[in-house]
Amino acid sequence: MKKSIMIILAAVLLFSLFGCGQQPQTVITEDETSRAASSKADSSDDDGALVASDAVSSQNQGSLSSFGGSPVGASSSGGSSAGTSSVGADTNKNTSSAQSQEETDKNQQKVNGFYTLGNVGTATVIDDTERADALTLNKFHFLGAWSASDEAGFYGGSNAWIWQTNAYWELEFEGIQFEIYGQLYAHMGIYDVYIDGILTDEVDLFGPATWINGALNYRSPVLKPGKHVIKAVNTGRQNEKSLGSEKGRSCSTVDMVKVFSAP
C-alpha cells in the first residue's frame, strides 16, 4: 500500500513539472547578464564611432571643397558667404571693366580722321622754335637736316620741314592729350607717330594744291595723366595721289604742338 502511494506522488510531481506541453524556462545566470550588458555597451561604442566617422568625413569634404578657396556657402571673415562675396566682387569688377572699356573706346574714336578731344584742362602751345639739343620737357629735339620757313598762317610765323627719310623730332610733355599742327599740301608725305615708344598712328599730310599752313595734322587719344614722349618719324612714303617730285621721298612739317593738362 505504502509503495503505491509513493508511485502516485511521483507521478503527480512529474505532471506538475512537464505537463500540458509547457517548455522548460531558461534560467539566466549572473555571468550571462554581465556579458549581455557588455555587448550592449560595445554596440553603443560602435554607433558613436560611426557618428564620429561621419563627422570626419563631412569635415574632409569641406576641406576638399575649400581647396583654393572657401567651401561654397561658407562664411568669409567679413560675415558674408564666400560665394556671395565672390559673385559681388566679380560683378563690380566686370562693371568697372566695362565702364573703363567704354570710356577707352570713346577716347579712341576718330571723327573726320581725328581722335575726339577728351575732357581736358589747360592747353599749352609749344612752338617749333622752342628747341633743345636733347630730349627736354616742353622743348623740340630735332634729328636730321631740318629747315625752317617763315610764312603767314604758322604759329609764331615759323614752320620746320624736312625731306630726309627717318629724320624725326621728339618732345616730352606732361598732360593727357596733344595735337600736332603743320602744313597740308599736294606734295607732302607721311610720318609715323610714336607715343612713349609705341607706334600709334601714321599721319598723311597730303592736301590740296594750295598750301594750308598751321593746319591740325594729328590729335592723340586721351592718355594717362603724367609725362609722355612724342616722336614723329618721316617715313619716306607718300599718299598714292601725292604730286611729290620723287617717289620714295616725303616731306614732313611741324608748326607747333598743343598739349592738354588733366582737368
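Taken together, the values in this text are just the output of simple stated rules run on the coordinates, not laboratory data. Note that the structure is a prediction, hence the values are computed from the model and not measured. FYI the Cβ positions are ideal-geometry reconstructions off the backbone, even for glycines, and counts take in every protein chain you see.
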Quotient of Cα Rg and 2.2 N^0.38 Å for region 118-260, N being how many residues it contains | 0.98
By average Cβ neighbour count within 10 Å, what is the ranking of 229-242, 190-203 from highest down?
-> 229-242, 190-203
Restricting things to alpha carbons, tell me how big region 173-249 is in terms of Rg and Dmax, in Å.
-> 13.7, 42
per DSSP, antiparallel bridges as share of beta bridges in region 118-260, % nearest 5, sits at 95
